[in-house]
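Have a look at the structure below before the remarks.
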């Protein structure tokens, strides 16, 4: 599905108090609801600077981005709107969003540390396949450090991660995605 179709699905799930992947646990339902609010906020606040927009407009090579995600994924709201914004500006970039739990064969080809971590962006450019995700380097370090110190993720870790995203304002995601596209 494209980004608009993904958002329509997400909104329908929120309205029906459901989520994807067969999950019925309250936490998944709550994250789906919360992420709907977050994705709308990120669409408003996420911005590329003029030089980035100009560079993207100059790109002509056909590129396909396939993103594996789920509406309950806490790392998706800051990333998906930026991916969509970049795809909207880049004349050769096609963005397709797939639900992870419906595409496990593909997901299992792009594991992160042996896990089916999402969102996972897979970039197809000519004969080259690259990937990005599930989160930018700074956020990944924060989570890795927290796991090392506390042994597992908990509500405090998730809160710190969201604070990191909010303070960073999407800049690290944008920079990493532009590098993936070939910007130096």
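Please treat every number below as a calculation from the coordinates, not as lab data. Everything quoted here is computed from the prediction, not taken from an experiment. Methodologically, a virtual Cβ is constructed for each residue, glycine included, from the backbone with ideal geometry; neighbour enumeration extends over all protein chains shown.
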Check your understanding: What is the helix-to-structure angle for 137-150, meaning the angle in degrees between its Cα long axis and the longest Cα principal axis of the chain, kept from 0 to 90 and rounded to the nearest 10?
Key -> 20 degrees
Check your understanding: Hey, what's the per residue convex hull volume over the C-alpha atoms of region 1-54, in cubic angstrom?
Key -> 98 Å³
Check your understanding: Label-point separation (nm) for residue 103 and residue 57, each offset 7 Å from Cα along Cα-to-Cβ?
Key -> 3.0 nm
Point to revise | Å³ per residue enclosed by the Cα convex hull of region 87-184 | key: 133 Å³
Review point. What per residue convex hull volume, in Å³, comes out for region 3-134 when only alpha-carbon positions are used?
Key: 107 Å³
Review point. Which angle between 0 and 90 degrees, to the nearest 10, do you get for helix 171-180 versus the longest principal axis of the chain when only C-alpha atoms count?
Key: 50 degrees
Check your understanding: Taking only Cα atoms, what is the 0 to 90° angle, nearest 10, from helix 155-168's long axis to the longest principal axis of the chain?
Key -> 20 degrees
Point to revise | region 125-184, relative contact order in percent, only Cα pairs under 8 angstrom and at least six apart counted | key: 44 percent
Review point. Which whole-angstrom value gives the distance between the alpha carbon centres of region 1-67 and region 123-147?
Key: 17 Å
